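What follows is calculated from the coordinates using simple rules that are stated; it is not laboratory data. Since this is a predicted model, take the numbers as computed values, not measurements. Here Cβ is always computed from backbone atoms with ideal geometry, including for glycine, and neighbour counts include all displayed protein chains.
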Amino acid sequence: AAIAGFVTTVTDNQSSALASAEAEINQLVESGIQRGKLSEQVGAYALANVAFTTSLNTAVMDADLIIEAVPEKPQLKQAVFQLLEKVAKSSCIFATNTSTMSPTEIASYGARPAKTIAMHFFNPVHKMRLIEIVRGLETSDETVESVKEVARRMGKETVVINEFPGFVTSRMSALVGNEAFFMLQEGLGTPEDIDKAIKLGLNYPMGPFELGDLVGLDTRLNNLRYLHEKLGEKYRPAPLLEQYVQAGRLGRKTGKGVYQYNEEEVTT
Ligand SMILES: NC(=O)c1ccc[n+]([C@@H]2O[C@H](COP(=O)([O-])OP(=O)(O)OC[C@H]3O[C@@H](n4cnc5c(N)ncnc54)[C@H](O)[C@@H]3O)[C@@H](O)[C@H]2O)c1
């Protein structure tokens, strides 16, 4: 958002999460300049235009657009949107980065259904070109056009999808990722071989375990739980995935998921 020229504030209730977000953003801008992807001028402008605060009120009170990205837990989303409704301007658009949830349901947590929509980004956001836009039952055409324009200014492609749990991308990705865990549990092969088979045999750019570790296994499990509740048996999370999350093996963010991450090497 900052690189696209928007005055941007990042907020999180954990100061450690904010500190690592700030460090990562600085590092991404710096390496973008070094690799010739960004001019020094745009990089400097972006860093000057992004602020960090643990105060939700400070972050949102003047905002025209809020992109919510708290964990995929309906009760948490509800609490956050109820708070946002109290502090945000009445003209502000509420966008949710939910991977699976209904924007109509999320709109019911606030009082501006015409101005509530899903803007689903992909990881890593600075590289992935798509934003999946999902409109709720009451989302206005004006809101759809506004977020499409924001996406265009961010240099992203968009698809506008009708509401259904998991949309297009998460529904497909959850199934592939879950099936890979069933295969691992059944002893079909090592994670490396399952990933290699999917990459080289099916031409996926990343294997399902590499992607799961990048997305976060807890995030993947939350998505599957929601889809299981809404769409049934097909999405029941693999017990091995539940076990990994219980053990704190969440992927790259904890240094260990299906693979182990050291500074210089990745191992199982
Ligand atoms: N991880 C991905 O690849 C990915 C991709 C697309 C969409 N999403 C969606 O984005 C959302 C977040 O997923 P994630 O993987 O980044 O989760 P995460 O757990 O890695 O990060 C969520 C952040 O929200 C913060 N948070 C929790 N409660 C808060 C509150 N009340 N107020 C302010 N901040 C709070 C946490 O401290 C944490 O830093 C989910 O809806 C997920 O489905 C994730």
Spin-label pair residue 261/residue 97, simplified geometry with 7 Å Cα→Cβ offset, distance in nm: 1.5 nm
Cα centroid of region 128-179 to Cα centroid of region 1-17, whole Å: 21 Å
Förster-model FRET efficiency, 22 Å R0, residue 186 and residue 230, C-beta, rounded to 0.05: 0.25
Dipole in debye (nearest 20) - the chain, about Cα centre, beta carbon charges: Lys, Arg +1; Asp, Glu -1: 300 debye
Prolate/oblate/rounded label for region 1-54 (Cα gyration tensor, a/c 1.5): oblate
Of 127/148; 127/234; 127/156; 127/253; 86/115; 77/230, pairs whose Cα-Cα distance is over 21 Å: 127/234
Whichever aspartates and glutamates have a C-alpha closer than 13 Å to that of residue 73, once near sequence neighbours (fewer than 8 apart) are set aside: 105, 218, 229
Binned Cα-Cα distances of region 1-141, short to long, each 10 Å bin given as a whole percent: 11, 39, 36, 13, 1
Loop sites in region 188-268: GluC sites (Glu not before Pro), DSSP, at most 15 other Cβ within 10 Å: 263, 264, 265
Calculated log₁₀ intensity ratio I(q)/I(0) where the Debye formula runs over C-alpha points of the chain, q = 0.11, 0.12 Å⁻¹: -0.67, -0.81
Selected from 46, 3, 231, residue furthest toward positive end of dipole (the chain; charges at beta carbon): 231
